[in-house]
Amino acid sequence: MHAALVTALLCVAADVPARYGVEADPAKYPQATAKEALASALKAIAAKDFKYLAAHIAEAGFVDGRVKGVYAGKFDEQVSDTESRLDALAVKQLARFAKDGKWKEEDASAVVTAEEVPDKCVRLVKKGGRWFLSHRFDLAGK
């Protein structure tokens, strides 16, 4: 890896604060594009790195709202909930979206659809130069 790229990645990581005690790792889980963010989500799932997924790849507003409103400030309970929702079928569908999906990307949002999963989509949002996985997987408002 070139020294300039390493320096740039370290600067990005320094600009991204830790969330819930989890440090950002843009070298391992890049989010500069929507496609990278989805790939990073799948990589975190495969590594069983659900804390990172919830802290840095999932849309922060959604996670923060649930940690505060549903889990009384207990981030680990949100992490457990996130993990429980990612069963084999959900992960298989996410992988299908990443591999064969049709992307519709705008400045700050992206939607990925796949013929094999006609009733769902993957939504991503861009905030502060990084892309995040949205909690909405419905096709309403497509």
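Since every read-out is calculated from the coordinates, none of them should be taken as a lab result. Keep in mind it's a predicted model, so treat the numbers as computed, not measured. A quick note on method: Cβ atoms are made from the backbone with ideal geometry, for glycine too, and the neighbour counts reach across all protein chains shown.
Odds and ends about this structure:
- Fully extended contour minus Cα-Cα distance, from Arg85 to Lys68, at 0.36 nm per residue: 4.2 nm
- Note on the chain: with a GNM built from Cα contacts shorter than 10 Å, the maximum mean-square fluctuation among Arg19, Arg96, Arg85 falls on Arg85.
- Listed cross-link partners Lys28/Lys92; Lys48/Lys126; Lys28/Lys102; Lys68/Lys99; Lys68/Lys126 are compared with a 28 Å cut-off, the Cα-Cα value being larger for Lys68/Lys99.
- In the chain, helical runs assigned H by DSSP with n ≥ 4 each contribute -39500 (n - 2.57); averaged across all residues and rounded to the nearest 500, the mean residue ellipticity at 222 nm is -13000 deg cm²/dmol.
- Cβ-Cβ FRET estimate between Phe137 and Glu77, R0 fixed at 35 Å, reported to 0.05: 0.95
- What the pair-distance distribution of the chain shows, using all Cα-Cα distances binned every 5 Å from zero, is 2, 10, 19, 22, 21, 15, 8, 3, 1 percent.
- Remark on Val16: its backbone amide H falls under 5 Å from none of the residues 5 or more positions apart or on other chains, H modelled at 1.01 Å from N.
- Contour excess over end-to-end distance, with Cα ends at Ala98 and Tyr20 and 0.36 nm allotted per residue: 25.3 nm
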